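Data block below; observations after.
The values are calculated or read from the model by the stated rules, or taken from the named source; none is laboratory data. Since this is a predicted model, take the numbers as computed values, not measurements. Every residue, glycine among them, receives a Cβ derived from its backbone with ideal geometry; neighbour counts consider all protein chains shown.
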């Protein structure tokens, strides 16, 4: 299996193009992480002051996605990369979609959280939402770090964190359903909280996808549906 041999091209320009793509992906990932943090602040602290900032950052994320995708298309057409270079470009193009969708989930959370600013959620619910957000943000940071370092072991470790997010989400789901049964008049409010929790759970799924692309990049093997995230299959 071909290993990574980046920055070993005859053309210095090709080296520069490949490295620029990597840097741009990490910069876009940084914007997405900031978006999660801002949305979580509105949700947990009930402070909607960051909404304008979130809208502006969304434009930056979308622009970054288009710019990087165009750069990758240029590299494919002009350089006709092979082996690890081709895997990098293909992995990046797949990662872009998940990064952009994580940003969309963060924006969705912020919109719903704005409606909840005047609502008291209670310590249990607020704590669970905060935990979901911190876990998701940590997974994103870990996935980006794994990509930056081409670290397959970190990618696997981050993937397995998704179980904690799923467990926290299921527990919170049960609490919110019970509250809706006990106080039907609060159903619209609790549904908004439930959809926020669902978006946070989806962020974990998207981060797991990012890690799968890192594994594909490093090893040249598609690990989707392999059971790696659950620890029920050997690494390779």
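Considering only residues of region 117-159 that are touching a residue at least 60 places away in the same chain (Cβ under 8 Å) and not in a helix (DSSP H, G or I), which is surrounded by the fewest Cβ atoms within 10 Å (Cβ to Cβ)?
By that ranking, first place goes to 118.
Got a sec? Which of 189, 158 is touching a helix residue (DSSP H, G or I) at 6+ places or on another chain (Cβ under 9 Å) and farther than 30 Å from residue 23 by Cβ? Write out each step before concluding.
Values: 158 fails: farther than 30 Å from residue 23 by Cβ.
Sole residue among the options that is touching a helix residue (DSSP H, G or I) at 6+ places or on another chain (Cβ under 9 Å) and farther than 30 Å from residue 23 by Cβ: 189.
Just to verify a result, which residue in region 85-107, among those that are crowded, with 18+ Cβ neighbours inside 10 Å and over 19 Å from residue 143 (Cβ atoms), is nearest to the chain's Cα centre (by Cα)?
Looking at residues that are crowded, with 18+ Cβ neighbours inside 10 Å and over 19 Å from residue 143 (Cβ atoms), I get 107.
Cβ-Cβ below 8 Å, separation at least six or inter-chain, first residue in region 19-47 and in contact (Cβ under 8 Å) with a residue 40 or more places away in the chain and at positive phi, second surrounded by 18 or more Cβ atoms within 10 Å (Cβ to Cβ) and part of a helix (DSSP H, G or I): which pairs?
Partner pairs satisfying both residue conditions: 46/113.
Of all residues in region 11-65, which are under 28 Å from residue 197 (Cβ atoms) and not in a helix (DSSP H, G or I)?
Scanning region 11-65 gives 46, 47.
Of the residues 52, 48, 77, 38, only one is in contact with a helix residue (DSSP H, G or I) (Cβ under 6 Å, 6 or more places away or on another chain), modelled with pLDDT under 95 and more than 24 Å from residue 214 (Cβ to Cβ); which?
Details: 52 fails: in contact with a helix residue (DSSP H, G or I) (Cβ under 6 Å, 6 or more places away or on another chain); 77 fails: in contact with a helix residue (DSSP H, G or I) (Cβ under 6 Å, 6 or more places away or on another chain); 38 fails: modelled with pLDDT under 95.
Exactly one residue qualifies, and that residue is 48.
May I ask you to verify whether residue 189 is surrounded by fewer than 18 Cβ atoms within 10 Å (Cβ to Cβ) and in a helix (DSSP H, G or I)? First the steps, then the outcome.
On the way: surrounded by fewer than 18 Cβ atoms within 10 Å (Cβ to Cβ): no; in a helix (DSSP H, G or I): yes.
No; evaluated as a whole, the condition is false for this residue.
Can residue 234 be described as more than 25 Å from residue 117 (Cβ to Cβ) and at pLDDT below 95?
Values: more than 25 Å from residue 117 (Cβ to Cβ): yes; at pLDDT below 95: yes.
For residue 234, the condition - more than 25 Å from residue 117 (Cβ to Cβ) and at pLDDT below 95 - is met.
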